[in-house]
Amino acid sequence: MTKQRNTITIQLRLLIGLSIATACMVAGCGKSSEISPTSTQAADTGTRAPDRSTAQAQDTVPGASSSQQPKELRDLYQQAQAAHEDEVVLYTAFSVGFDDIWNAFAHDFPGIRVRSSQLAGAQLLTRLTSEALSGNHKGDLVLTGYSDTAQLAADGRLAVDVPGTTRDLDSRYKDPAGTYQIPFSNVFALVYNTSQVKPGEVPKTMDDVLLPQWRQRFGLPKLTGLSLTDVAIASLSFHHEITEAQLQHLASNAQQIDSTGMLSYPAEGRLAFTIWVPAHSAWRMQHAGAPIGIAFPKNLTYVLSPGIGLVQDAPHAHAARLLKAWLFTPRAQALLVEKTHSYGTMPGAPTPVGFPALAELGRTDLPLDQTNAILKQSRIRTLALFGQE
C-alpha cells in the first residue's frame, strides 16, 4: 500500500510540476525555459503535419464544418501557401494540453505546423528585443500573460492585427489599438484536501477562509511582485472584492508557500487548502486521482487571461495570422475548453465541465491598458502588508 501511495505521489508531483510551471510563467512568478518545438516532437512520434499535397480543395478546411470555415481563413491559407510558409513559430507560456490544439490546427491546414517554444517574462521580452534590433526575426506569434503582452505592445513589438473571427469578441478581450486579443481565460480558485475539509466546511467567501479554525492551515503562493498572489490581490482590490482588513488577516493567517506546493500541499494533506490556484491545473490533478476538491469562493476567485499577438516583421506572417484567427473559431474554442479546461472567450464557447459559468464569477480581470500600472501600485501595498521583497 505504501509503495502504491508513493508511486501515485510521484506521478502527481510530475503533473503538478508541469501545470504549475505554466501558471507561474503566465503570472511571471518563475523562470521560463525554452522547450523543443512541438513540430520536432511530432516528427519523432510519427504525427508530422500533413503534407500540402494531401490538402482538399482550397475552399475547404479539413476537419472543420462549413460553419467553421470563414472566408478569411481560406484566404490566409492560400496566401500562406503562395508564400511557401510551412510553419508558425510561437513563443508561449503554455504547454500542457496545447500540443493537441496545435495538432488540430495542422490537421485543418495541411502543410503548416506550429513550432512552440515555452518562453515568457523577461526572457520573452529580451528575445523579441534582440530579434528586432538584429533584424534576425524568428518569432511569429506570442501567447502569454497579459502583463507581458501589454508590455510588448507598449514597446512596439506587436503588429496591428484584428482577425475577422474576433468581430463578436467582447471589448474587454481585445486591445483597443488592435495589437492583441484574448482567446481564453483561466480561473484561480481554492483547492482543498477532501479528507481534511468536509463538504459543509468548504469556504464560500474570504471571511470563511479567515475563520480561526483555518489559521496557519492554508497557504497562498509567495509574493514576488508578479506571483499569482500579487495578481490576485491587485485584481480583487481593483474590483473592490477584498478589504484592507481581510488582507491584514490574510497576511497573519496564511502560510506563504512556493508555487510547487499550491497543488501538492493540499493533495498530500500538508495543508487543508490553498487559495489562488489555477483551477484548470487542479482539475487535471483531481482527475489523475489526487484527493482534492475545487471551490470558487465569492470575493476570492479571480480570472487571468493571456493575450495573443502578431510579432512585428513576423517571417511567416500569413500563417501566423491564420493560426491567430483560427483560435477564435467555434472549433478551436471548443478544443481549448476540452483539452486545457480553460474558458473560451468567444460568445457561445462551452463552459469547462464541472466549473461555473464565467459570468457567475463576476468581473475580476484587469483593464488591458492599465494592467502593469495597477500591478506596480498594488506591489507597494502588498510590501507594507506582507513584508516580502
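Below are the figures for this structure:
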read-out: Efficiency of FRET between A154 and H239 - r from beta-carbon atoms, R0 30 angstrom, step 0.05; value: 0.80
read-out: Approximate spin-label separation K376-R167, in nm, with each point projected 7 Å along Cα-to-Cβ; value: 3.9 nm
read-out: Cα shape, the range 73-211, gyration tensor, a/c 1.5 rule; value: prolate
read-out: Additional length obtainable on full extension of the chain from K71 to D369, 0.36 nm per residue less Cα span; value: 104.2 nm
read-out: ³J(HN,Hα) computed for each position of the range 342-350 - Karplus, 6.51 cos²θ - 1.76 cosθ + 1.60, integer Hz, glycine/proline x; value: 8, 9, x, 9, 6, x, x, 5, x
read-out: Under the Karplus curve 6.51 cos²θ - 1.76 cosθ + 1.60, θ = phi - 60°, whole-Hz ³J(HN,Hα) for the range 234-251, x wherever Gly or Pro sits; value: 5, 5, 5, 5, 4, 9, 6, 9, 9, 9, 4, 5, 5, 5, 5, 5, 4, 4
read-out: Amide H within-cut-off set for G219, under 5 Å, with H built and near neighbours excluded; value: Q255, F273, T274, I275
read-out: Cα point-scatterer Debye curve for the range 244-389, base-10 log of I(q)/I(0) at q = 0.15 Å⁻¹; value: -1.03
read-out: Length released on extending from K339 to Q255, taking residue separation times 0.36 nm less the Cα-Cα span; value: 27.0 nm
read-out: Ranking of T224, T329 by count of other Cβ atoms within 10 Å, fewest first; value: T224, T329
read-out: Inter-label distance, nm, simple model (7 Å from Cα along the C-beta direction), A122/S134; value: 2.0 nm
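Where a number appears in this text, it was derived from the coordinates with a stated rule and is not lab data. In this text the structure is predicted, and so the values were computed from the model without any measurement. FYI the Cβ positions are ideal-geometry reconstructions off the backbone, even for glycines, and counts take in every protein chain you see.
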